[in-house]
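Notes follow once the structure below has been shown.
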Ligand code: E4P
């Protein structure tokens, strides 16, 4: 399973990358806005740090403008994946960009039929937002199960990129279901590494070691 980090913060990306946890990066306009720096500077810094797919999102909503914006984003670096919203014009832009060899991540996916449509349009990645579904008392992980089944049934190349992850259980369930990628906030990556018995065991080993040195 590939781990992407879901952030535009370069310090978080560097820290997670140094632990081997970063196969790629996803950003969105909200994550970029948090950083208070120009969009292109942030994307260039991320591309310099991580050798893997880096998602950068268009802000246009009309196909022609999305295609032009996507081409501009793709020109920044060879690892750029253009993030396109799951709307009808977005599917036109996905088809056009994919046919030029520019990889697309279709975002804001909330139903299995939206996912099927995105895969048919030629998306390289399809991003279902599990946390936002859970927030509405709709089972986010059910969508992952449905997508994995549909993509496998028809041999779509599109990868299931689990997004809007809020806790380690989302990652565990995504891994059990065979999702290709999880894009994970830094805080959740840290939680995935910790266990109280690890802390307790380490403290005991260190205490015993100290005793044996006396
Ligand atoms: C990533 O591609 C998505 O934009 C992100 O995971 C959304 O997360 P949120 O629902 O926590 O904003």
If we scan the range 45-58, do we find a residue that is over 20 Å from residue 128 (Cβ atoms) and free of Cβ contacts under 8 Å to residues at least 12 places away in the same chain?
-> yes
Residues of the range 146-163 being within 17 Å of the chain's Cα centre (by Cα) and outside any loop (DSSP other than H, G, I, E, B), which ones?
-> 147, 148, 159, 160, 161, 162, 163
Scan the range 75-117 for residues that are part of a loop (DSSP other than H, G, I, E, B) and without any contact (Cβ under 8 Å) to a residue 12 or more places away in the chain and report the count.
-> 3
With criteria (1) more than 30 Å from residue 176 (Cβ to Cβ); (2) touching a helix residue (DSSP H, G or I) at 6+ places or on another chain (Cβ under 9 Å), residue 3 comes up short on (1)
Please enumerate the residues belonging to the range 116-128 that are closer than 18 Å to residue 53 by Cβ and either surrounded by fewer than 17 Cβ atoms within 10 Å (Cβ to Cβ) or within 16 Å of the ligand (Cβ to nearest atom) (or both).
-> 118, 123, 124, 125, 126, 127, 128
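The numbers here are math on the coordinates, done by the rules we state, and not lab data. Remember, predicted model here, so these are calculated numbers, not experimental data. Cβ coordinates were reconstructed from backbone atoms using ideal geometry, including for glycine residues, and neighbour counts include every protein chain displayed.
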